[in-house]
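To start, the structure under review is shown below, and the notes come after it.
What follows draws every value from the coordinates through simple rules; no lab data is involved. What you see is a predicted model, and the numbers here were worked out from it, not measured in a lab. With ideal geometry, Cβ positions are generated from the backbone for all residues, glycine too; neighbour counts draw on all protein chains shown.
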Amino acid sequence: MNLKEYDQFARRFVNDYVNNLTLDQMKCHLTEQFHIDIENIRQDTGIDDALLEMQNWDSDLYEIIKENKND
């Protein structure tokens, strides 16, 4: 399989796979992947950059959690 065929195959697989997921399965996948993404940022460039990424995703939610971090 060449690169172009692989890309088409992979895109089809992902599209069909996602279209068959339940809402709970999607949430689970996204939760895990988002955590991996943020953790990779922390490992690559540090905690401050990981926190900045979270803030960029949703600054309101970031502030709420930051204010209530001891709850």
**Request:** Report, in degrees rounded to the nearest 10, the 0 to 90 angle that the Cα long axis of helix 23-45 makes with the longest principal axis of the chain.
**Result:** 70
**Request:** Taking the Cβ of residue 30 as the centre, find all other residues whose Cβ is under 14 Å away and add up their charges (Lys, Arg: +1; Asp, Glu: -1).
**Result:** -3
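Can you give the FRET efficiency for residue 55 and residue 27, using 1/(1 + (r/R0)^6), R0 = 25 Å, r = Cβ-Cβ distance, to the nearest 0.05?
0.70
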**Asked** Residues with beta-carbon under 15 Å from that of residue 12, excluding residue 12: net charge, scoring Lys, Arg +1 and Asp, Glu -1?
**Response** -1
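Can you classify the range 22-71 as rounded, prolate or oblate using the Cα gyration tensor, where a ≥ b ≥ c are the square roots of its eigenvalues, rounded means a/c under 1.5, and otherwise it's prolate if a/b beats b/c and oblate if not?
Oblate, since a/c reaches 1.5 and b/c is not below a/b.
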**Request:** Relative to the longest principal axis of the C-alpha atoms of the chain, give the angle of the C-alpha long axis of helix 3-19, reported between 0 and 90° and rounded to the nearest 10°.
**Result:** 60
**Fill in**
Mean Cβ-within-10 Å packing, highest first, puts peptides 32-38, 14-20 in the order 32-38, 14-20
